[in-house]
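Working notes, beginning with the structure itself.
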Amino acid sequence: MAACDLTIHLENGKVDYLGGDTVRGEVEVRTDGDISCGGLVVECLWQTHGKGNTDRGEAAPLELFRGDWPAGTAARYPFALQLPHGPYTYHGQLLNVGWLVRARADVPWK
């Protein structure tokens, strides 16, 4: 089965942002076989962790590509996502709220 590896590179390696800031970077795609992509999406999302129930919310999904990648593809897709103003990142004794950037490719099983 062909593999599709995704790597996120943030602009200038920046990792600290405020609500309303724009997160810029690139998603790098590498394939070792022919792959049909139903959509390459990058998004910011928040999630809770710690004791108790967990929750998550997505913000600003952005489709970067849809189509076919031939074997041996090495491509980079730039992105710019504007962050919402909340919820705020929080680290407490019982609950934590954190943000992350996630890339995902919709590819069929073979």
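The values are calculated or read from the model by the stated rules, or taken from the named source; none is laboratory data. Just so it is clear, the structure is predicted and the values come from calculations on it, not from any experiment. Note that we place each Cβ from the backbone using ideal geometry, even for glycine, and neighbour counts take in every protein chain shown. Just so you know, the surface numbers come from the protein's heavy atoms only, side chains and all, with ligands and any DNA or RNA stripped out. Shrake-Rupley method; radii C 1.70, N 1.55, O 1.52, S 1.80 Å.
Here are the numbers:
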{"quantity": "Search result, residues across the stretch 1-12 that are surrounded by fewer than 14 Cβ atoms within 10 Å (Cβ to Cβ) and farther than 14 Å from F79 by Cα", "calculated": "M1, A2, A3, D5"}
{"quantity": "Test: residue in the stretch 27-42 that is surrounded by 14 or more Cβ atoms within 10 Å (Cβ to Cβ), touching a Gly at 6+ places or on another chain (Cβ under 9 Å) and closer than 21 Å to G86 by Cβ", "calculated": "yes"}
{"quantity": "Neighbours by Cβ (under 7 Å, 6+ apart or cross-chain): first from the stretch 51-68, under 21 Å from H91 (Cβ atoms) and modelled with pLDDT of 85 or more; second part of a loop (DSSP other than H, G, I, E, B) and open to solvent by 50 Å² or more (accessible area, probe 1.4 Å)", "calculated": "K51/L94"}
{"quantity": "Residues satisfying the stated conditions in the stretch 34-89, i.e. of a type in the set (G, A, S) and assigned to a strand (DSSP E or B)", "calculated": "S36, G38, G39, G50, G57, A59, A60, G67, A74, A75, A80"}
{"quantity": "Filter result for A80 (free of Cβ contacts under 8 Å to residues at least 60 places away in the same chain, touching a Lys or Arg at 6+ places or on another chain (Cβ under 9 Å) and surrounded by fewer than 14 Cβ atoms within 10 Å (Cβ to Cβ))", "calculated": "yes"}
{"quantity": "Qualifying residue in the stretch 20-33 (condition: under 12 Å from the mean Cα position of the chain (by Cα) and at pLDDT below 95)", "calculated": "yes"}
